[in-house]
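The values are calculated or read from the model by the stated rules, or taken from the named source; none is laboratory data. Being a predicted model, the structure only gives us computed values, none of them experimental. Neighbour counts are summed over all protein chains in view; Cβ atoms, including those assigned to glycine, are modelled from backbone coordinates with ideal geometry. Heavy atoms of the whole protein, side chains included, go into the accessibility calculation; ligands, DNA and RNA do not. Shrake-Rupley method; radii C 1.70, N 1.55, O 1.52, S 1.80 Å.
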Amino acid sequence: EAQVTQNPRYLITVTGKKLTVTCSQNMNHEYMSWYRQDPGLGLRQIYYSMNVEVTDKGDVPEGYKVSRKEKRNFPLILESPSPNQTSLYFCASSFTANSYEQYFGPGTRLTVT
Amino acid sequence: KNQVEQSPQSLIILEGKNCTLQCNYTVSPFSNLRWYKQDTGRGPVSLTIMTFSENTKSNGRYTATLDADTKQSSLHITASQLSDSASYICVVSARVRGLIGGSQGNLIFGKGTKLSVKP
């Protein structure tokens, strides 16, 4: 089944404790992207990747890192999480950045205390 | 600054009625415009995507229009159903300068219109 998977789905952590949210797709997509969604602000793009080893900042990259060492995986790293990073995170992928169909993962709800 | 504004913020309609959602954008250089449907707590699902040269596109009961001159788009839903209750998000892709072919990657999202369809 074609899908985008994210792990973990829910995470409660403390300020400053490094964490990684994994994202994996099985559709051989070139384009992958991370978003955060907050009430009243909608979805905002954090980072995106056009292909392996090619990543770029979205609108809200501060406090996040990503890597794209292989095509299927695009982990989101929070080196030192802070409470303002409490949010709902979505990973998405598509064949290219211009593809009609962009597949979203199920979301990761992160709480930083 | 690249921005996408949607109106109304929320809308309540009766089942079977039509409705139109609006999207204005200031994204430049423009690459494409998408409409997504997002159910509460789930990831968005693509409804339509339009490039600069397209001014209308349909997907079942959903019809999107694009006026690239005025930088406006609308999403029209006909014969609404209870399952249409969701947030509808307008997303504009900005063309990334300097890349071969003018590749695009940066997506700017509107805050969405929350539609409630009542029986």
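Say we look at region A:1-10 and pick out the residues that are away from chain B (no Cβ under 12 Å) and within 23 Å of A:GLY58 (Cα to Cα); which of these is most open to solvent (accessible area, probe 1.4 Å)? Give the derivation first.
Going through region A:1-10, the residues away from chain B (no Cβ under 12 Å) turn out to be A:1-2, A:7-8.
Next cut, within 23 Å of A:GLY58 (Cα to Cα) only: A:7-8.
Numbers: A:ASN7: 89, A:PRO8: 41 Å².
The residue in question is A:ASN7.
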How many residues are of a type in the set (Phe, Trp, Tyr) and more than 8 Å from chain B (Cβ to nearest Cβ) if we restrict to region A:87-102? 2
Note on region A:70-95: residues open to solvent by less than 10 Å² (accessible area, probe 1.4 Å) and of a type in the set (A, V, I, L, M) are A:LEU76, A:LEU78, A:ALA92
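Just wondering, is there one or more residues in region B:54-62 that are in a strand (DSSP E or B), within 14 Å of chain A (Cβ to nearest Cβ) and farther than 28 Å from A:GLN6 by Cβ? Before the answer, list the steps.
Kept after step one, since they are in a strand (DSSP E or B), are these residues of region B:54-62: B:56-59, B:62.
Those left that are additionally within 14 Å of chain A (Cβ to nearest Cβ): B:57-59, B:62.
Filter once more, keeping what is farther than 28 Å from A:GLN6 by Cβ: B:57-58.
Scanning region B:54-62, I find at least one residue that is in a strand (DSSP E or B), within 14 Å of chain A (Cβ to nearest Cβ) and farther than 28 Å from A:GLN6 by Cβ, so the answer is yes.
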Among the residues that make up region B:55-64, is at least one of them at pLDDT below 95 and open to solvent by less than 20 Å² (accessible area, probe 1.4 Å)? no
Which numbered condition B:LEU75 fails, given (1) among the aliphatic types (A, V, I, L, M); (2) buried (at least 19 other Cβ atoms within 10 Å of the Cβ); (3) more than 14 Å from chain A (Cβ to nearest Cβ); (4) part of a loop (DSSP other than H, G, I, E, B): (4)
Any hit, region A:56-63, residues being within 27 Å of B:SER87 (Cα to Cα), of a type outside the set (D, E, K, R) and open to solvent by 60 Å² or more (accessible area, probe 1.4 Å): no
